[in-house]
Structure formats: C-alpha cells, structure tokens
Amino acid sequence: MQRKTSGKKLGETVKKDILKRIPEGSGRHAVKDSHLELSICGKGLGDDGLELVCEALCHTIQTGATKLEELSLSENGITIRGLAYLMRVIKLSSKDLKDLNLSGNSIKVVSDEEVSLWEEFLTRFREVTNLRRLDFSSNPLGPTRAFETLLRCYSRENPIYLSHSQYSVFEDVSEDDIELLDDSGHDFDSDDTDSYLRPRLQSLHLRRENSSSPPTVYSSESTSSRSAKLARRTSGLSHSLLTTLSTPPITTPELHGLRSIPFMILSNTEMMDISALHLSYLLPHHPLPRQILQLHSISKTSPAADHWDDLERQFPTGIVYRPNNSLTTLGLKALEIAEGYRGDPSPNKRITNTRRASDVSVGSPTSLRGGYFNSNPPISVVGSTNEMDRSRSKIQGMILKDEGPEQIELWRSAIKTLVLARALLLDAEPSSPIVSSSSSRNSCFDTPSSPRVSHATTTVLPTSPQNLSPSSYKLYRTSFHGSSTHSESLRQNNKLPGKLPEYIWHRIIAYAADSNNTMSTQQLRNVIEWGRQRETLIREKEFAGKLPSVQIWRFLEGLECLTYEV
C-alpha cells in the first residue's frame, strides 16, 4: 500500500478501505472475490493503527466478505501489545491464512506480562490448519523467555503423525532394488497382488519418474499375513526394502498448530545459546517443509506452487535461525545436530532423551560420574544422540553455573515444587494411589468424584534407599475401582498439616510453585514424590561436595525436568 500517513491515522484509513469490501445493503453472496492479501509494510502502523486494522478484518471475515490469506505487517513498529489485536484475526482466519509476516518489528519478550501475551498469541495457532510461513525475523524477541515459551506451546500441541508418502518412503531404497523390480516384469496392477502390497510396489516402480502422489490409506490386513505375501512375491530384494514395504503407513494427518507450519523464520531475533538449547528440543520433532507441503492441496501449475517451491529451495530446513550473531559455536553445534534428526518419520530414528548422567560432563572442570538419578543404560542410541546430549548438557551446565536456575522457568518451578513438597509432605505416608492419565494436569489433582478409568498408570514408590531414584519408580498397568479409589483419596493423613487429604496438598503445591502450569503432570508428580521421601536426602548427600550447578543439574535431569515433554 502507498500511504503517506502513519500510526493511528493510517489505521483509520486502512480500516475504511477494508470495510468497503462489504457492499452496502448487500448480503454475503454479493462479494465477488473474498480472498484478501493485505500488505502494509514499513508504514509505521504501530500498535494503535494495527488495532483498527484488526477490527476491520474481524468484521469483514465474520460477514463473509473476506478470506484473509496473506497478511504482511513488516517494519511497522509493532510491539508485543499489538499481537493481542492479531489474536482474534488469527482465530477467525484459521482455515484460510497461509502467510503471516511480522518481521522487522519491535516484538520483545522479557517481562512476565510480555511472556503471558506471547504465550497466548502462540496458543492461537493451535487451530490454524493452512499456515505455511510465520516470520518473526529481525525482532528483538530476546534470548531466553521467548524461545522457552515457544517450546512450551509447541510441546502442548498434539503431534502430527506423517504418512509415508510415495516419494519419501523409498528414499533409502537402493537402485539395485529398483533394477530388480524393473527387470521382474511384474504386473503391479494384477489381481494376484494384494491390496496392501500393490500401491507400495507401484510407487516404488514409479520412483524414477519422481511421482509424488498423495499419501494412501491401505488395508488393515495383519502384518504377519502381509509379510508372508511380501516374502513370496519379492524374493531377492534387500532387507531394507522388505522392511520398508512391510511398514504400514499412517492415514493422512490433519494439519494444525505450530507443528504444521513448514517455514518459521527466526533469524536476527537475539538468539543466544540458551535459545539454541530450547530450539534443539523442538527441531527433531518438526517435519521438513516438503513433508508438510505435499499434504496441502496445491496445484502444481498454480503460481502458489512456484512460490512455495522457491521458498523451499531458499529455506530447505524450514526453521531458519541464521543469522543470529550471538550464537556461539556450541549453540550452533547443538542446532546442527538436532537438524540431523529431522525428516525421518520412523520412531526408531527420532532423537530421544537417552543420556545417562555418567555420560555427560556438566560445566568445566567438574564432570558427572556414577549415574546418580538414572543408572540404567540408555534405551537407544542412534547416530549422534550422545553428541547431541553432550552439547545440550554443556549449555545447561554453563547456564546453571553462570546465571543460575532462575533463567529457565521450568527449572524454577521444579525447584520451588521440591522445596514445598519437602516442607509439607516429607515423611508423610501416601494416602492414595498416584494415578497418571492422559487427561489435563488439573484433572489429575481434582477431587476424585468419579471412578478412575481402568489401565491407569500407577507409580510404585521404592521402599529402600538402595533402590531409590526416580528411575526406580517402576510403572505398570493396573485398574482401580471407583469406590475404593474414592474412599482412599479422601482419607485423611494425620501426618499432613491440617489433616487434609494428600491430593489437596498436591494441588496447593502445584498452584503455589507452578501457577502457570509450566511443568507437565508427570514432571510435577516426579518432583513431589521425590520431595516426600526422607531417603532422598541420604542419596543427595552423595554429591554434596559437587558444585551447586552440578547438584541442581542432577536433580533436574533425574526427574526429567531439564526440558519440556515434546
């Protein structure tokens, strides 16, 4: 737009123009073209002007006069306060918005109020299904709280389980296998090829033509039956190909939230190593742009297809964090290793928290030995997992040593929870089973007025100091009857202050130490159960001579509170 005005006056002018999209006295169907791509860049719109623009957009979207597809607001002096006005626009255009450009503004996340607004803004993307680019570049987001909040919001969204598309699922299949299939003369459309195997072989056969059809839903025939047929019909093929063909794909996922955005631009946002730490936990779980874009219905001949193809060539990894001049070699290394785990949908190739305390050196020159909290070997180590863990733990150690745990909200909440649990629950006998479910955190601490569902996960507390560590809280499957659970949960515990039921004290601790629900239900439970046991004090004396940063790291690592559960 070519405007000489700025600020609120510009907002009023743009508002009038947008409202003209609604023909006076006409209904919804009077609008010939409701699609809108709005660009207001470098005009000094500010927060006050943005408020007026958003009012007009919301009104025209609600009347059906506008389907907002692109909104570019770069270089307008917009602050975190202005994002509050955008929230309703994002909600109303959740099915249509494809591109949101907020680059070059003054969005900063430092104070508690700013964190609250930032978190609310990011949460609005939970219902967005078509957004392909979100650009925060050249905003002074800040090194700590903005990126921790981004990771927290990301972790609270439901995962997107990508299908094995015809093009990507066979990327690792050798050319020899393709030659063998080509030479076999097999009729892939013949009736003797079962309904599960046929499309898999067809897509492999067509790979040379770079076919990229949408994901296919296959029959629910048993894996053993498919494998038997596969063995008979593909004898001579490599083991990797047989594994690929026999792996049933997942149905086409529904795209939603931050996890479904192919391109997130975070360059020049004042990132530091602490920012890289948070981002390193997000990256392995975020699909590559090509994996998400192929699920959108984009015509190959449309200009939009060329636009997104160009963007993918420019940003092949999708999440852009360079340049950020304050990132050190250590932070960049953590991000680069995390990038290496992206793009593979197979669960055994996803990076997991496999580090042992004995594997990791926290801070210098003190090193951790003995595996205090988790003496069990890693579940799996794939590729550079240990290297990834070492990079992360070095950053964590430096943060704890130089700045303390208060730099990360999750760490602060965990330590406050431990202090309160020790003060209120130490030596108190449990008055009821500790039940973990997939429900929300608050429901886990509600009064048990309804029967528990069967197959709940129960925490079995260790009975001897030798076996006492969070890793020894063995989980098993059991079921509870509503009547017995109800009476047990309401039973008073004379050792607790006020003789209140223990679940009430759990809620009090949660609200007092973690009112923002920073920790997950399981993390909160881990800390409370650790804090209530006197034997843990004995075990903690084993590293009493260590640096405070090492002691805190061991506590956080052992109770799985170093990061969010992504």
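The values are calculated or read from the model by the stated rules, or taken from the named source; none is laboratory data. Remember, it's a predicted structure, so these values are computed and weren't measured experimentally. Counting neighbours? That spans all protein chains shown, and the Cβs are built from the backbone with ideal geometry, glycine included. Remember, those area values only see protein heavy atoms, side chains included, never the ligands or the DNA or RNA. Shrake-Rupley method; radii C 1.70, N 1.55, O 1.52, S 1.80 Å.
General remarks:
- The charge dipole of segment 97-143, taken about its Cα centre with unit charges on the Cβ atoms of Lys, Arg (+1), Asp and Glu (-1) only, comes to about 320 debye.
- Distance violations [Cα-Cα > 29 Å] among Lys8/Lys91; Lys15/Lys91; Lys98/Lys333; Lys499/Lys541; Lys20/Lys108; Lys15/Lys108: Lys98/Lys333; Lys499/Lys541; Lys20/Lys108
- Efficiency of FRET from Cβ geometry, Glu540 and Lys499, R₀ 35 Å, rounded to 0.05: 0.75
- Stretchable slack from Lys416 to Val110, in nm (0.36 nm times residue separation minus alpha-carbon distance): 108.1 nm
- Solvent accessible area, Å² - Arg126, 1.4 Å probe, full protein context: 100
- At the residue level, Val566 shows approximately 40 square angstrom of accessible surface with a 1.4 angstrom probe and all protein chains present.
- Extension gain for Ser326-Asp306 works out to 3.8 nm (0.36 nm per residue, less the C-alpha to C-alpha distance).
- Label zone (Asp17, point 7 Å along Cα-to-C-beta; backbone nitrogen cut-off 11 Å) within segment 38-78: 38-41.
- Pair Glu24, Asp427: separation of 7 Å Cα→Cβ label points (nm): 8.2
- Rolling a 1.4 Å probe across all protein chains gives Trp118 an accessible area of roughly 10 Å².
- Taking label positions 7 Å along the Cα-Cβ direction at both Leu547 and His35, the computed distance is 5.8 nm, reported to one decimal.
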